[in-house]
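Visitor: Next up is a structure, given as C-alpha cells.
The values are calculated or read from the model by the stated rules, or taken from the named source; none is laboratory data. None of these values were measured; they are calculated from a predicted model. Note that each Cβ is placed from the backbone with ideal geometry, even for glycine, and that neighbours are counted across all protein chains shown. Protein only, heavy atoms only, side chains kept; ligands, DNA and RNA dropped before computing areas. Shrake-Rupley method; radii C 1.70, N 1.55, O 1.52, S 1.80 Å.
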Amino acid sequence: DRKNDRNHPTKRKRPLASNRISLPTAAIVMTGLLASGFWLALMINLAYLVLSIAFLTIGVLYTFALKKIFLADAITIAVNFVLRAILGAVAIGVIFSSWLIVCTFLLAMTLVFGKRRAELINGYKNHRDVLEHYSLNLLNSLSLLSITSLFISYAIYTISQTHSSN
C-alpha cells in the first residue's frame, strides 16, 4: 500500500510510504516479528497459533485482494475483529459464546460502514478503490441495518442470559 499511502494526507507519513524505512529493512523486521509472534502464540497453546495463522492469512488476503471487492472489504475486517475476540478468549482459556461472535461481527460491520461513510464524505474516494461501489445512501442503510441487528442481538443475548440464570 505504500504507493497509495504516499498520496494520502496522513498515511504518507508512515515509515514505508515516506521511505524512512527501506523495504529490505522492513522485510527483515517483519520476518523476525512473525517468527517471534508465532513462537509466542505456540507458547500460549496450539489453538492460539492456528487462529493467529488464520488471522495473518486473512490479513494478507485482504491486503492483496479482498479490500478491492465490494462488501468483501467490510466483511473481512469484521471477521478479523471476531478472530481477535476469539483469540482473546482462547488466550485466557475461557469458552466463548456464539453471542460474542455475532455481537462482535455486527459491531465491527457498524464501525466499518461508518468509516466508509466518513471516507466518502471527506473525499477519500481516490484513496480507496472500493469506495466507488458505495454511496452515502447505501452506507446509511447498511449502517442502520448493522446497528439495529447489533442492538437486537445484544438484547436477545441479555434476555437469554437473564432467563438462564434464574
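Visitor: Residue 126 versus (1) within 23 Å of residue 142 (Cα to Cα); (2) free of Cβ contacts under 8 Å to residues at least 24 places away in the same chain; (3) open to solvent by 40 Å² or more (accessible area, probe 1.4 Å); (4) of a type in the set (S, T, N, Q): which is the lone unmet condition?
Guide: Looking at each condition in turn, residue 126 falls short on (2).
Visitor: Which of (1) open to solvent by 40 Å² or more (accessible area, probe 1.4 Å); (2) touching a residue at least 12 places away in the same chain (Cβ under 8 Å) does residue 90 not meet, given it meets every other one?
Guide: With (1) open to solvent by 40 Å² or more (accessible area, probe 1.4 Å); (2) touching a residue at least 12 places away in the same chain (Cβ under 8 Å) applied to residue 90, the lone miss is (1).
Visitor: Inspect the stretch 107-122 for any residue being β-branched (Val, Ile, Thr), modelled with pLDDT of 90 or more and surrounded by 15 or more Cβ atoms within 10 Å (Cβ to Cβ) and give the result as yes or no.
Guide: In the first step, residues of the stretch 107-122 are kept if they are β-branched (Val, Ile, Thr); the result is 110, 112, 121.
This time we only want the ones that are modelled with pLDDT of 90 or more, so: 110, 112, 121.
If we keep only those that are surrounded by 15 or more Cβ atoms within 10 Å (Cβ to Cβ) as well, we get 110, 112.
Yes, the conditions are met somewhere in the stretch 107-122.
Visitor: Can you pull out the residues in the stretch 6-52 that are more than 28 Å from residue 85 (Cβ to Cβ) and in a helix (DSSP H, G or I)? Reasoning before the result, please.
Guide: Start the filter on the stretch 6-52 by keeping residues that are more than 28 Å from residue 85 (Cβ to Cβ), which leaves 6-9, 12-13, 15-28.
Selection gives 12, 13, 23, 24, 25, 26, 27, 28.
Visitor: Being closer than 30 Å to residue 114 by Cβ and at pLDDT below 95, is that true of even one residue in the stretch 43-66?
Guide: Yes, the stretch 43-66 contains at least one residue that is closer than 30 Å to residue 114 by Cβ and at pLDDT below 95.
Visitor: Scan the stretch 88-116 for residues that are part of a helix (DSSP H, G or I) and hydroxyl-bearing (Ser, Thr, Tyr) and jot them down.
Guide: The answer is 98, 104, 110.
Visitor: Return yes or no: is residue 71 under 16 Å from the mean Cα position of the chain (by Cα), open to solvent by 90 Å² or more (accessible area, probe 1.4 Å) and among the hydrophobic types (A, V, I, L, M, F, W, C)? Before the answer, list the steps.
Guide: Numbers: under 16 Å from the mean Cα position of the chain (by Cα): yes; open to solvent by 90 Å² or more (accessible area, probe 1.4 Å): no; among the hydrophobic types (A, V, I, L, M, F, W, C): yes.
Considered against the rule, which asks whether it is under 16 Å from the mean Cα position of the chain (by Cα), open to solvent by 90 Å² or more (accessible area, probe 1.4 Å) and among the hydrophobic types (A, V, I, L, M, F, W, C), residue 71 comes out as no.
Visitor: Would you mind stating whether residue 12 is surrounded by 13 or more Cβ atoms within 10 Å (Cβ to Cβ) and modelled with pLDDT under 95? Talk me through it step by step, then tell me what you get.
Guide: Numbers: surrounded by 13 or more Cβ atoms within 10 Å (Cβ to Cβ): yes; modelled with pLDDT under 95: yes.
Yes, satisfied.
Visitor: Now, a different point. Can you tell me which residues in the stretch 117-166 are part of a helix (DSSP H, G or I) and among the basic types (Lys, Arg)? Steps first, answer last, please.
Guide: Residues of the stretch 117-166 that are part of a helix (DSSP H, G or I), as a first pass: 117-121, 129-133, 136-164.
Hit for the stretch 117-166 is 117, nothing else.
Visitor: Another question about this same structure. Take residue 150 and tell me if it is at pLDDT 95 or above and either under 15 Å from the mean Cα position of the chain (by Cα) or open to solvent by 60 Å² or more (accessible area, probe 1.4 Å) (or both). Break it down into steps so the answer makes sense when it comes.
Guide: Values: at pLDDT 95 or above: yes; either under 15 Å from the mean Cα position of the chain (by Cα) or open to solvent by 60 Å² or more (accessible area, probe 1.4 Å) (or both): no.
The answer is no for residue 150.
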